[in-house]
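What follows is one structure encoded as structure tokens, with my remarks underneath.
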Amino acid sequence: MNHQSVAFKNTQFPFPPHLHYSTPIPSRVLFPFSLHPNKTITKSPYSAFSCRGFHTPLLNHPSCSFHSSNATKPAAVKTVDVATLGNLCVDIVLNVPKLPPPSPDSRKAFMEQLSSSPPDKQYWEAGGNCNMAIAAARLGLKCVAIGHVGNEIYGKFLEDLLQAEGIGMVGMSEETDVLNAPSSSYETLLCWVLVDPLQKHGFCSRADFSKEPAFSWMNTLSEEVKRAIKRSRILFCNGYDFDELSPHMIISAVEYAVEVGTSVFFDPGPRGKSLLSGTAEEQKALKHFLRMSDVLLLTSDEAESLTGLVDPILAGQELLRKGNCTKWVVVKMGPKGSILITKSGITCASAFKVKIMDTVGCGDSFVAAIAYGFIHNIPLVTTLAFANAVGAATAMGCGAGRNVATLKQVVELMETPDLNEDDKFWNELLREHLDSQEVTFLSKMVLNGSNGRMKHVTLQKVVSELLPKLKSSQLEGTLSS
């Protein structure tokens with residue numbers, strides 16, 4: 001779960017049911033597929049715990065052209081679909097009589113009280129970038145989680161959980177990093193998700209009480225991390241990476257991904273706005289992300305924060321214009337749907353009409369489906385419809401981590417699909433753009449065809465093309481291109 005700081009809010013979502021942890025898997029080295037033969041991950045001897053908050057080479061997607069050195073290098077063999085960078089944490093969801101008071105000292109004391117002994121495992125869940133990795137793996141993508149966990153019960157929990165989901169894990173720290181790091185800063189990151197009797201949520205984390213990134217002691221990318229990035233088609237990063245990694249480390253990972261032809265996906269999240277006014281190093285790293293990412297994923301509010309433009313389409317076009325490598329800007333419009341903007345056109349898809357139980361993890365599930373469409377060169381309108389469906393399927397459940405949508409749930413949703421169409425909203429949004437670019441729009445009832453510069457594609461057509469592939473993948477255990 002991703003949260004920048006302690007916050008309290010009203011929620012309409014029910015409290016998640018007890019989470020039952022599956023039988024642990026003995027192995028401590030998580031590679032369901034090999035990145036490098038006979039290579040193991042070195043773990044730290046430190047054992048403690050703390051808490052921390054959160055929330056085939058690619059087809060037709062070459063690396064940025066200005067890196068001329070890539071032209072003479074042989075293409076790296078891509079054996080992994082998606083690698084996530086950092087932001088690995090354990091969410092602990094607890095009922096409390098009342099939320100902690102707002103003062104920093106009181107919150108810190110409350111957190112330390114919670115940390116005095118580990119709660120029962122039924123309250124533990126994977127959080128942060130684990131959500132995206134799990135969602136992607138359930139769609140059949142091969143995934144690796146690049147990040148850091150400690151050598152304690154929480155780290156073991158995440159390792160076993162990721163392995164059970166078929167996700168590899170690559171530790172980020174070198175031996176020299178471990179030796180120089182204080183034991184408390186080497187621990188697995190936790191997010192305490194607190195729920196009072198009125199169903200108000202509060203989030204408590206170690207990051208709330210430190211001005212430095214949680215793992216500021218990391219100095220360089222290890223060879224194992226570089227190998228994982230090089231073997232991956234996509235490197236996924238989000239704004240919460242800045243809570244644990246230094247801007248220098250983040251820039252190094254992005255630059256290396258570009259160098260080796262790995263596409264960069266970046267979702268700034270709520271942290272995007274604060275990074276704009278952050279330290280000089282944070283601002284530099286954010287601007288680097290916006291220039292060098294192949295795909296930017298953000299909400300309409302986040303797009304406005306980064307560009308100053310209220311119109312999400314104009315904001316997306318501005319991000320495309322400023323990007324050196326940017327091919328897609330995907331704007332998440334909540335219950336309205338989503339928009340995918342390229343230099344040649346605009347694609348829109350209304351959201352699926354479902355009974356929403358919990359929106360936690362929906363964005364991560366949505367991103368996983370966008371990654372699938374990008375990798376397999378699926379038509380843009382189909383990619384958006386698929387992403388909306390995967391996000392909606394997760395919204396029908398409670399919580400993230402192991403509770404994100406399964407492929408079976410996505411198939412069931414698409415067998416009886418319905419769109420939450422809002423013609424007035426879309427007509428007003430698209431009216432000023434029809435004269436400048438072709439617009440492709442997913443419709444429920446309109447016949448396939450074009451009306452001026454508006455190209456309509458029916459939901460029935462998209463589902464009829466996608467559903468057989470999804471059903472087939474259920475039998476095969478993996479999605480194929």
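Regarding residue 377, is this residue touching a strand residue (DSSP E or B) at 6+ places or on another chain (Cβ under 6 Å) and either under 16 Å from residue 331 (Cα atoms) or outside any helix (DSSP H, G or I) (or both)?
Answer is no for this residue.
Step by step: first the residues of segment 327-350, then only those that are hydroxyl-bearing (Ser, Thr, Tyr) and within 18 Å of residue 437 (Cα to Cα), then the one that is most open to solvent (accessible area, probe 1.4 Å). Which residue is that?
So, considering only residues that are hydroxyl-bearing (Ser, Thr, Tyr) and within 18 Å of residue 437 (Cα to Cα), the one most open to solvent (accessible area, probe 1.4 Å) is 344.
Could you tell me whether segment 72-90 includes any residue that is at pLDDT 85 or above and charged (D, E, K, R)?
Residues of segment 72-90 that are at pLDDT 85 or above, as a first pass: 77-90.
Keeping just the survivors that are charged (D, E, K, R) gives 78, 81.
Within segment 72-90 (the criterion being at pLDDT 85 or above and charged (D, E, K, R)), the answer is yes, since at least one residue qualifies.
Quick check: anything in segment 296-319 surrounded by fewer than 24 Cβ atoms within 10 Å (Cβ to Cβ), more than 25 Å from residue 436 (Cβ to Cβ) and out of contact with any His (no Cβ under 8 Å at 6 or more places or on another chain)?
No, segment 296-319 contains no residue that is surrounded by fewer than 24 Cβ atoms within 10 Å (Cβ to Cβ), more than 25 Å from residue 436 (Cβ to Cβ) and out of contact with any His (no Cβ under 8 Å at 6 or more places or on another chain).
So, in segment 351-374, of the ones that are touching a strand residue (DSSP E or B) at 6+ places or on another chain (Cβ under 7 Å) and at pLDDT below 95, which residue ends up most open to solvent (accessible area, probe 1.4 Å)? Spell out the reasoning first.
Here is the first cut: in segment 351-374, the ones touching a strand residue (DSSP E or B) at 6+ places or on another chain (Cβ under 7 Å) are 351-353, 363, 366-367, 370-371, 374.
Then drop every residue that is not at pLDDT below 95, which leaves 351-353, 363.
Values: 351: 14, 352: 13, 353: 112, 363: 29 Å².
Restricting to residues being touching a strand residue (DSSP E or B) at 6+ places or on another chain (Cβ under 7 Å) and at pLDDT below 95, the top hit is 353.
Within segment 214-225, can you find the residues that are in a loop (DSSP other than H, G, I, E, B) and surrounded by 21 or more Cβ atoms within 10 Å (Cβ to Cβ)?
If the condition is that a residue be in a loop (DSSP other than H, G, I, E, B) and surrounded by 21 or more Cβ atoms within 10 Å (Cβ to Cβ), then 214, 215, 218 are the ones that fit.
Can you find, within segment 77-101, the residue that is surrounded by the most Cβ atoms within 10 Å (Cβ to Cβ) among those that are within 29 Å of the chain's Cα centre (by Cα) and assigned to a loop (DSSP other than H, G, I, E, B)?
Our first condition is that a residue be within 29 Å of the chain's Cα centre (by Cα); within segment 77-101, this holds for 77-96, 99-100.
When the remaining residues are screened for being assigned to a loop (DSSP other than H, G, I, E, B), the result is 77-79, 86-87, 96, 99-100.
Working: 77: 9, 78: 20, 79: 15, 86: 28, 87: 30, 96: 14, 99: 19, 100: 20.
Checked segment 77-101; the qualifying residue surrounded by the most Cβ atoms within 10 Å (Cβ to Cβ) is 87.
Where in segment 251-358 are the helices (runs of 4 or more DSSP H), entirely inside, with at least 3 residues that are among the acidic types (Asp, Glu)?
Working: elements: 271-276, 280-292, 300-307, 312-322.
Output list reads 300-307.
Before we move on, is residue 195 modelled with pLDDT under 85, more than 30 Å from residue 262 (Cβ to Cβ) and either polar (S, T, N, Q) or in contact with a Gly (Cβ under 9 Å, 6 or more places away or on another chain) (or both)? Show your work before the answer.
Values: modelled with pLDDT under 85: yes; more than 30 Å from residue 262 (Cβ to Cβ): yes; either polar (S, T, N, Q) or in contact with a Gly (Cβ under 9 Å, 6 or more places away or on another chain) (or both): yes.
Yes.
Looking only at segment 226-250, how many residues end up being part of a helix (DSSP H, G or I) and among the hydrophobic types (A, V, I, L, M, F, W, C)? So that I can check it myself, show each step before the final result.
At the first step, the residues of segment 226-250 found to be part of a helix (DSSP H, G or I) are 226-230, 239-243, 247-250.
Now drop any that are not among the hydrophobic types (A, V, I, L, M, F, W, C), which leaves 228-229, 242, 249-250.
Residues that pass the stated criteria total 5.
What residue, among those in segment 401-416 that are open to solvent by 20 Å² or more (accessible area, probe 1.4 Å) and part of a loop (DSSP other than H, G, I, E, B), is farthest from residue 358 (Cα to Cα)?
So the residue we want is 416.
Cβ-Cβ below 7 Å, separation at least six or inter-chain, first residue in segment 460-481 and among the aliphatic types (A, V, I, L, M) and open to solvent by 90 Å² or more (accessible area, probe 1.4 Å), second at pLDDT below 90 and part of a helix (DSSP H, G or I): which pairs?
Partner pairs satisfying both residue conditions: none exist.
The values are calculated or read from the model by the stated rules, or taken from the named source; none is laboratory data. Owing to the predicted nature of the structure, the values given are computational and were not obtained by experimental measurement. Note: ideal-geometry Cβ built from the backbone for every residue, glycine included; neighbour counts use all protein chains shown. SASA here: full protein model, heavy atoms, side chains in, ligands and nucleic acids out. Shrake-Rupley method; radii C 1.70, N 1.55, O 1.52, S 1.80 Å.
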